[in-house]
Ligand SMILES: [Zn+2]
């Protein structure tokens with residue numbers, strides 16, 4: 001099913017794609033559309049005191065405490081997985097960007113050293129010194145809505161089991177935001193989902209590559225077996241200096257390929273439980 005946006009501003013150039021499917025007691029839905037405008041689309045007429053009527057640009061300006069947004073933000077790219085009991089996993093760029101630090105980064109020294117050695121034009125550096133996190137690093141793990149219970153767990157997602165070939169009932173990936181760091185690499189935040197007959201798996205990934213300097217990968221993996229009343233959420237943060245990551249250069253541009261070579265610096269394993277769907281007996 002593909003719908004077209006009713007919004008008169010967007011309708012000509014940027015149709016809104018969306019799909020919605022039901023798997024067991026879950027509704028899986030995504031929306032996908034154009035990048036964020038670079039200025040108020042109501043020509044400055046938005047009343048900042050009336051949140052419900054703001055254009056997307058003004059919503060981002062108000063809620064994201066950064067002097068600058070990534071080159072490409074896809075405000076309509078939203079993935080939503082909702083149980084019939086109302087519990088929802090939601091993935092959207094606004095919540096991801098609200099977690100980016102508005103404090104300086106202290107990466108300039110590493111960049112200056114590496115770029116000097118690689119004879120990269122030093123003019124780049126001046127453009128990269130900014131009083132906020134210009135890598136847009138986020139520890140976003142998705143947005144939970146509804147009556148979830150979150151606890152730490154020793155349970156792990158069986159990644160080997162996920163590698164076994166099964167029929168895929170639904171697959172989609174969405175970019176939430178992306179920045180090219182003035183041609184010095186890239187920062188991308190994206191989310192993918194795949195639904196199989198008995199389970200679903202989501203990978204939310206923030207990937208940063210600063211050329212000749214550093215790789216950073218913040219992954220959130222979410223797994224649900226339809227027979228259970230919980231999902232497992234695993235968060236890992238990896239970071240390594242490119243000089244120390246011994247891989248061919250083409251691997252550096254492929255997050256999945258480079259990931260195992262990048263040191264793990266942080267991890268968090270959680271069980272997110274939800275009440276039985278209404279009507280189910282206990
Ligand atoms: Zn506006």
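The values are calculated or read from the model by the stated rules, or taken from the named source; none is laboratory data. All values derive from a computational prediction rather than experimental measurement. Heads up, the Cβs are rebuilt from the backbone with ideal geometry, glycines too, and the neighbour counts pull from every protein chain shown.
Annotations
Rundown of residues vs (1) farther than 19 Å from residue 150 by Cβ; (2) without any contact (Cβ under 8 Å) to a residue 60 or more places away in the chain; (3) surrounded by fewer than 17 Cβ atoms within 10 Å (Cβ to Cβ), yes/no style:
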| residue | (1), (2), (3) |
| --- | --- |
| 192 | yes, yes, yes |
| 198 | yes, yes, yes |
| 202 | no, no, no |
| 219 | no, yes, no |
| 225 | no, yes, yes |
| 246 | yes, yes, yes |
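- Counted residues, the range 21-38 - those being over 17 Å from residue 91 (Cα atoms) and either in a strand (DSSP E or B) or within 8 Å of the ligand (Cβ to nearest atom) (or both): 2
- The single condition among (1) closer than 27 Å to residue 19 by Cα; (2) not in a strand (DSSP E or B) that residue 234 does not satisfy is (2).
- Of the helices (runs of 4 or more DSSP H) lying entirely inside the range 55-130, the ones with 1 or more residues being modelled with pLDDT of 70 or more and surrounded by fewer than 16 Cβ atoms within 10 Å (Cβ to Cβ) are found at 56-63, 108-117.
- Subset tally (residues that are farther than 16 Å from residue 75 by Cβ, under 22 Å from the mean Cα position of the chain (by Cα) and modelled with pLDDT under 95) for the range 20-50: 0
- Yes/no for residue 208 being under 30 Å from residue 116 (Cβ atoms), in contact with a helix residue (DSSP H, G or I) (Cβ under 9 Å, 6 or more places away or on another chain) and outside any helix (DSSP H, G or I): yes
- Any hit, the range 7-18, residues being surrounded by 13 or more Cβ atoms within 10 Å (Cβ to Cβ), modelled with pLDDT of 85 or more and either more than 16 Å from the ligand (Cβ to nearest atom) or under 25 Å from residue 197 (Cβ atoms) (or both): yes
- Qualifying residues in the range 180-205 (those that are in contact with a helix residue (DSSP H, G or I) (Cβ under 7 Å, 6 or more places away or on another chain) and farther than 15 Å from residue 137 by Cα) - the one modelled with the highest pLDDT: 201
- For first residues located in the range 29-47 and within 22 Å of residue 188 (Cα to Cα), partners that are assigned to a loop (DSSP other than H, G, I, E, B) and near the ligand (Cβ under 7 Å from one of its atoms) and lie 6+ apart or on another chain with Cβ distances below 9 Å form the pairs 37/55.
- Pairing residues of the range 57-84 that are touching a residue at least 12 places away in the same chain (Cβ under 8 Å) and closer than 11 Å to residue 98 by Cα with residues that are assigned to a strand (DSSP E or B) and away from the ligand (no atom under 16 Å from the Cβ), at Cβ distances under 8 Å and at least 6 apart in sequence or on separate chains, gives 69/177.
- Residue under evaluation residue 44, criteria (1) closer than 22 Å to residue 179 by Cα; (2) within 11 Å of the ligand (Cβ to nearest atom); (3) in a loop (DSSP other than H, G, I, E, B), criterion not met: (1)
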